[in-house]
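Computed from the coordinates by the stated procedures, all read-outs in this text should not be read as laboratory data. Keep in mind it's a predicted model, so treat the numbers as computed, not measured. Cβ sites come from the backbone with ideal geometry, for glycine too, and all protein chains shown count toward neighbours.
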Amino acid sequence: EGTIQRIAAGEVVERPASVVKELIENSLDAGASRVAVSVEAGGTEGIRVRDDGVGIPEDQLEAAVAEHATSKIADIDDLEAGVGTLGFRGEALYTVGAVSRLTIRSRPPDAEAGAEVAVEGGDVGEVRPAGCPTGTTVVVEDLFYNTPARKKFLKRVTTEFDRVNTVVTGYALANPDVAVSLEHDGRETFATEGNGDLRSAVLAVYGRQVAESMLEVDWEPGPSTAGGDHPVKRVTGLVSHPETTRSARDYLATYVNGRYVTAGALREAVLEAYGGQLAPDRYPFAVLFVEVPADEVDVNVHPRKLEVRFDREAGIRAAVESAVEEALLDHGL
Ligand code: ADP
Ligand code: MG
């Protein structure tokens, strides 16, 4: 928990995928063991995220959608930092509610009944009783209905859905102990079991052939590590056999300190490790968790955005490349 996770005001909601990201994060924060995401028309018409987490007590529902209502501002330093350029946390639901029709229905495990509140274009309705299972369901309809300029920026339904899929996949692979599912227009895209096994999550998301081809990565800097100056503490995860590839590089999922990131440097490092073993224009699958000291990640990159920069990028690249090379070598590749 630190600066990196704070948000800059107003940049939370860009498209359905960014809404989905915020809602999944809330579900995971709530300790959910199941997170079910379903979207309509790529999320442009509807987004629903249902979890079995701690829920929101009836008397806190209104606060949950209010500006700057967060349960997570740890102390006054956080708050003060938030007043500056980095902005507040606790505004995701508020911001989404301002640009959509949002309903939150929730029931904590110890509550006798559930309750719900609806927000329409920022107008918060009354909290009412609602029948619902334990946990929280957030429904977002008609995203950007009241901000046509933003709505115009949305791409085709298939493109928006691809982005949603990438986000949900990213969280599913990062949290193999949580059962994560995705549905599009009533059809299931995938559903992980939540049994804690990364390979099983890969199987659910990418299918059996990919899951079976995955090679284990578990690398730590050692005395034999070239260079010596590695800011990386550990690299773990799975990478595919060089013959199990796709024609797009979308299947290289990288995580830095548990956070899903798109870092060109990390992707290139993975590809370097395969060297000449990949056919032209073919890309492997990878799910890689890189652990670095917190101060190695550039906090000036917006924490809600996915891209990340490193202070010692060359060292991190070298470490990731070594980690993947080692996994390939271990399998005689
Ligand atoms: P933040 O997550 O930064 O605190 P949000 O606007 O995303 O801000 O959420 C506001 C608050 O609503 C959270 O701090 C939390 O207390 C509550 N909340 C939101 N989603 C859930 C959920 N799925 N389960 C339980 N509580 C939730
Ligand atoms: Mg949140």
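Listing for the model above:
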quantity	calculated
Cβ-based charge dipole, the range 110-150, positive-most Cα from 138, 122, 149	149
Simple label model, 7 Å out from Cα along Cβ direction - residue 155 to residue 277, nm	3.1
Amide H contacts of residue 310 (H built 1.01 Å from N, under 5 Å, at least 5 apart or other chain)	298
Taking 291, 126 and counting other C-beta atoms within 10 Å, the order from fewest to most	126, 291
Difference of contour (0.36 nm per residue) and Cα-Cα distance, residue 294 to residue 248	13.5 nm
Order of 124, 235, 270 - criterion: other Cβ atoms within 10 Å of each residue's Cβ, fewest first	124, 270, 235
Student exercise, the range 145-252 dipole from Lys, Arg, Asp, Glu Cβ charges, in Debye to nearest 20	760
Extension reserve of the residue 59-residue 29 stretch, reckoned as 0.36 nm per residue once the Cα distance is removed	8.9 nm
